[in-house]
Amino acid sequence: MLLDVKNLNVYYGAIHALQGISFHIEEGEIVSLIGANGAGKSTTLRTISGILRPRSGSVHFKGEDITTTPAEQIVRRGISHVPEGRKIFAPLTVRENLEMGAYTRDDPDEIQKSMDRVFVSFPRLKERLNQLGGTLSGGEQQMLATGRGMMSKPSLILLDEPSMGLSPILVEEIFNIIKEINSQGTSILLVEQNALMALSISNRAYVLETGRIVLEGNADDIKNNPQVKSAYLGI
Ligand code: ATP
């Protein structure tokens, strides 16, 4: 098992955002978390990457307990978090943004190899290496955020709403790239409002409702579940 999340309880002050969440990811999988606004999807990612601390419960990665490991150490161990809303560094160039993603690494040749790998997935970034992040289009910023997430050479990427604000063609493109990153050996935990697209590239999925997992299964079964169809797929 790559990631094992057990019985997480997370609070924001008095708000009980995650109410005993348990799930796991096997090596090589794409797993989706789907659910309505405010269900706790981003909170789950923030807790795994060490930005938030659970009040109880545990997170194990590659067999080690990382529940209280500092966020920077979690990156070093192989988990990369691409947050919602892109959060790129607007005043830095594309190249500098990508280099920031490799801040835990020090071998320049290896870092360059990762950058070349990002350019295979996102050729558009290579064409814009010296452009400032803040002047990229929304879709390009999403590409940059995802590329930056690849620069730490993660074995697991946490992707929060990668399709948000993108045109339908770009949505398709970004999902194809996610599939491709996965096929190169990186496991993926995907949070998406676009549940149909997410399920179409996932092995398994968990449905979150107000801080609890209410349904889990392989992606096809979840896609065909009548409640999921009416609540999340608009079918
Ligand atoms: P969305 O799809 O809208 O991003 P989500 O499923 O990712 O939603 P979270 O962002 O994890 O949901 O939020 C879960 C709950 O925690 C919500 O009720 C939200 O209002 C609350 N919450 C999130 N961040 C904070 C915060 N910094 N302070 C207080 N409450 C918060």
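The values are calculated or read from the model by the stated rules, or taken from the named source; none is laboratory data. Quick caveat: nothing in here was measured; it's all calculated off a predicted structure. Every residue, glycine among them, receives a Cβ derived from its backbone with ideal geometry; neighbour counts consider all protein chains shown. Just so you know, the surface numbers come from the protein's heavy atoms only, side chains and all, with ligands and any DNA or RNA stripped out. Shrake-Rupley method; radii C 1.70, N 1.55, O 1.52, S 1.80 Å.
Pull out a ≥ b ≥ c, the square roots of the eigenvalues of the alpha-carbon gyration tensor of region 59-207, then state rounded if a/c is under 1.5, prolate if not and a/b is larger than b/c, and oblate in the remaining case. Oblate is the answer for region 59-207, as a/c is 1.5 or above yet b/c matches or exceeds a/b.
Relative to the dominant Cα principal axis of the chain, helix 138-150 is inclined by about 90°. For the chain, the relative contact order is 27 percent, taking Cα pairs closer than 8 Å that sit 6 or more residues apart in sequence and dividing their mean separation by the residue count.
Considering only alpha-carbon pairs that sit under 8 angstrom and 6 or more positions apart, the relative contact order computed for region 167-231 is 20 percent. Each 10 Å bin, from zero up to the one with the longest distance, holds this percent of the alpha carbon pairs of region 38-79: 31, 57, 12. Look at where the Cα atoms of region 1-23 and of region 82-119 average out, and the two centres are 30 Å apart.
Packing here is the average count of other Cβ atoms within 10 Å per residue, and on that basis the peptides 66-75, 160-169, highest first, run 160-169, 66-75.
Annotation: lysines with alpha-carbon distance below 26 angstrom to Lys126 (same-chain offsets under eight excluded): Lys87, Lys113, Lys153, Lys179.
Farthest towards the positive end of the charge dipole of the chain, among the residues Met151, Ser163, Ser42, is the Cα of Ser42, using unit charges on the Cβ of Lys, Arg, Asp and Glu.
Ligands, DNA and RNA left out, the 1.4 Å accessible surface of region 80-235 is 51% carbon and sulfur atoms. The residues of region 78-214 expose on average 43 square angstrom of accessible surface per residue, using a 1.4 Å probe on protein heavy atoms.
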